[in-house]
Amino acid sequence: MNERSADYEPTLAATRAWVALMRAQRRVLSAIEKDFKEAGLPPLGWYDVLWELVRAEAGRLRPFEIEARTLLAQYNLSRLIDRLEKEGLVRREAFDEDARGCWVVVTETGRQMRARMWQTYARSIERHVGAKFGEDEAGKLAELLSRLA
């Protein structure tokens, strides 16, 4: 790995990689969002929250845990949880006796929506990512990108 001081400019290769990464992310996310819309499904952010809840023990997380796992900003997450609750996909439960905190709990309807969304999402991932790379290339790309995480 090449270490650089904060005083140095990024290399041309590093700058090109950054630009390509940002463009690819924007294009692929836009294409997936379009696929969701065409399938009559809610936005991808809904899937991310539902997925984290389905994976969580007892299907519940505190809002700050959802925020950390999804990287959604707190103010966006609060509104999103409100919308998910209005649609019956999640419910809020008091965390303690004085109800200062709450759990966000996925409902059976939420589990079903996540599974329905996955059908479109899986096809989108294959079409917009998988079809562009062989298995070895996709593995290498995942390995390279994991260095940024």
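Structural remarks
- Counted residues, segment 105-134 - those being part of a loop (DSSP other than H, G, I, E, B) and either touching a Ser or Thr at 6+ places or on another chain (Cβ under 9 Å) or over 29 Å from residue 62 (Cβ atoms) (or both): 3
- For segment 78-88, the count of residues that are modelled with pLDDT of 95 or more and not in a helix (DSSP H, G or I) is at least one.
- Filtering 72, 29, 41 for residues that are assigned to a loop (DSSP other than H, G, I, E, B) and within 20 Å of residue 149 (Cβ to Cβ) leaves a single hit, 72.
- A count restricted to segment 100-121 and to residues that are farther than 29 Å from residue 31 by Cβ and open to solvent by 60 Å² or more (accessible area, probe 1.4 Å) stands at 2.
- Among the residues of this structure, residue 30 counts as one that is within 22 Å of residue 128 (Cβ to Cβ) and open to solvent by 20 Å² or more (accessible area, probe 1.4 Å).
- Residue in segment 34-46 that is open to solvent by 60 Å² or more (accessible area, probe 1.4 Å) and farther than 19 Å from residue 115 by Cβ present: yes
- Within segment 96-127, considering residues that are farther than 19 Å from residue 55 by Cα and of a type in the set (A, V, I, L, M, F, W, C), the one modelled with the highest pLDDT: 125
- Sole exception among (1) in a helix (DSSP H, G or I); (2) open to solvent by 30 Å² or more (accessible area, probe 1.4 Å); (3) out of contact with any helix residue (DSSP H, G or I) (no Cβ under 6 Å at 6 or more places or on another chain); (4) touching a residue at least 12 places away in the same chain (Cβ under 8 Å) for residue 24, by number: (4)
- Subset of segment 83-99 (residues that are free of Cβ contacts under 8 Å to residues at least 24 places away in the same chain and either open to solvent by less than 80 Å² (accessible area, probe 1.4 Å) or in contact with a Lys or Arg (Cβ under 8 Å, 6 or more places away or on another chain) (or both)): 85, 88, 94, 96, 99
- Cβ pairs under 8 Å, 6+ apart, first in segment 48-74 and over 21 Å from residue 100 (Cβ atoms) and open to solvent by less than 20 Å² (accessible area, probe 1.4 Å), second part of a loop (DSSP other than H, G, I, E, B) and not polar (S, T, N, Q): 49/72; 50/89
The values are calculated or read from the model by the stated rules, or taken from the named source; none is laboratory data. What you are looking at is a predicted structure, and each value in this text was computed from that prediction instead of being measured. With ideal geometry, Cβ positions are generated from the backbone for all residues, glycine too; neighbour counts draw on all protein chains shown. Each accessible area value is taken on the protein alone, full model and side chains, heavy atoms only, with ligands, DNA and RNA left out. Shrake-Rupley method; radii C 1.70, N 1.55, O 1.52, S 1.80 Å.
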